[in-house]
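Take a look at the following structure, please.
The values are calculated or read from the model by the stated rules, or taken from the named source; none is laboratory data. Source: prediction; values computed, not measured. So basically every Cβ, Gly included, is an ideal-geometry build from the backbone, and we count neighbours across all protein chains shown. Please note that ligands, DNA and RNA were not included when accessible areas were found on the heavy atoms of the full protein model with its side chains. Shrake-Rupley method; radii C 1.70, N 1.55, O 1.52, S 1.80 Å.
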Amino acid sequence: IEFLGHLDVKDLISYIKGAEAVLVPSQSFESFGFSALEAMALGTPVVSTEQGALKEIVDPSLGVTFPYKDKKAFARAIHQAIKMDKAIVQQKAKEIISKKYLPERHFESLMNVYEHLLTTKKETDKKV
């Protein structure tokens with residue numbers, strides 16, 4: 001494991017593609033986890049905590065999650081991830097990203113949430 005500090009985009013992409021896995025041992029509740037999604041899109045498995053949105057973003061076919069602060073589970077997750085086939089990870093990531101994370105899909109999901117909230121509020125108002 002090597003901490004590289006800040007890298008320009010070209011070098012960063014090169015390192016991510018060449019890595020056996022990208023580790024995202026987040027201690028906080030990630031609201032999205034862009035670094036995990038980027039790594040998976042480049043075909044690199046991700047090892048992350050189950051904090052926040054990471055447990056939803058890191059599909060089992062794209063990486064491995066582990067409970068926060070569980071050092072043994074973290075080590076097992078790394079070993080599992082480096083055994084994953086990067087070509088399969090990249091193909092599966094493309095499928096998942098196109099279904100869930102394209103801007104159009106995000107907009108549709110957001111509008112569905114708003115519609116649900118509005119419908120629920122209207123139903124609640126009728127009961128009052």
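Net charge within 13 Å of residue 95 by Cβ-Cβ distance, Lys/Arg positive one each and Asp/Glu negative one each, not counting residue 95 itself?
Values: positive: 92, 94, 99, 100, 105; negative: 59.
Residues close to residue 95 contribute a combined charge of +4.
What does the highest-first list of 2-10, 48-56, 86-94 look like by mean Cβ count within 10 Å?
Listed from highest to lowest mean packing, they are 48-56, 86-94, 2-10.
Okay, next question. Summarise the accessible area of the chain (1.4 Å probe, protein heavy atoms) by the percent that is carbon and sulfur.
Of the solvent-accessible surface of the chain, carbon and sulfur hold 58 percent.
Exactly which chymotrypsin sites (Phe, Trp or Tyr not before Pro) in region 20-73 are in a DSSP loop and have at most 14 other Cβ atoms within 10 Å?
When the chymotrypsin sites (Phe, Trp or Tyr not before Pro) of region 20-73 are filtered for loop state and at most 14 Cβ neighbours within 10 Å, 29, 32 remain.
Moving on to the next point. With label points built 7 Å along Cα→Cβ from the Cα atoms of residue 82 and residue 126, find their separation and express it in nm.
In this crude spin-label approximation the distance works out to 5.9 nm.
Okay, moving on. According to a simple spin-label model (label point 7 Å from Cα along Cα-to-Cβ), what is the distance in nm between residue 59 and residue 10?
The modelled label-to-label distance comes out at 3.2 nm.
Can you give me the accessible area per residue for the chain, using a 1.4 Å probe, in Å²?
With all protein chains present, the chain gives 72 Å² per residue.
Is the shape of the chain rounded, prolate or oblate, going by the alpha carbon gyration tensor and its root eigenvalues a ≥ b ≥ c, with a/c under 1.5 for rounded and a/b larger than b/c for prolate?
It is prolate, given that a/c is not under 1.5 and a/b is the larger ratio.
So how do 60-67, 98-105 stack up, highest first, on mean other-Cβ count within 10 Å? Working shown, then result.
Details: 60-67: 19.2, 98-105: 11.1.
Highest mean packing first, the order is 60-67, 98-105.
Given a 10 angstrom Cα cut-off, can you work out which residue in 113, 47, 24 is the most mobile in a GNM of the chain?
Evaluated over the chain, the most mobile residue of the options is 113.
Can you tell me, using C-alpha contacts under 8 Å and at least 6 residues apart, the relative contact order of region 1-78 as a whole percent?
Value for region 1-78: 25 percent.
If you put +1 on each Lys and Arg Cβ and -1 on each Asp and Glu Cβ, how big is the dipole of the chain around its Cα centre, in Debye rounded to 20? If you can, show how the numbers build up before the last one.
Numbers: 18 positive and 17 negative charges, 72 e Å.
It works out to roughly 340 debye.
Is the C-alpha gyration tensor of region 46-104 telling us rounded, prolate or oblate? Criteria: a/c under 1.5 is rounded; beyond that, a/b larger than b/c is prolate, otherwise oblate. Numbers along the way, then the final one.
Working: a/c = 4.52, a/b = 1.46, b/c = 3.09.
Taking the square roots of the gyration eigenvalues as a ≥ b ≥ c, region 46-104 is oblate.
Now a separate question. Provide the gained length on full extension for the span residue 73 to residue 105, in nm with one decimal, where the gain is 0.36 nm per separating residue minus the Cα-Cα distance.
Values: separation 32, 0.36 × 32 = 11.52 nm, distance 3.32 nm.
Once the chain is fully extended between residue 73 and residue 105, it gains 8.2 nm.
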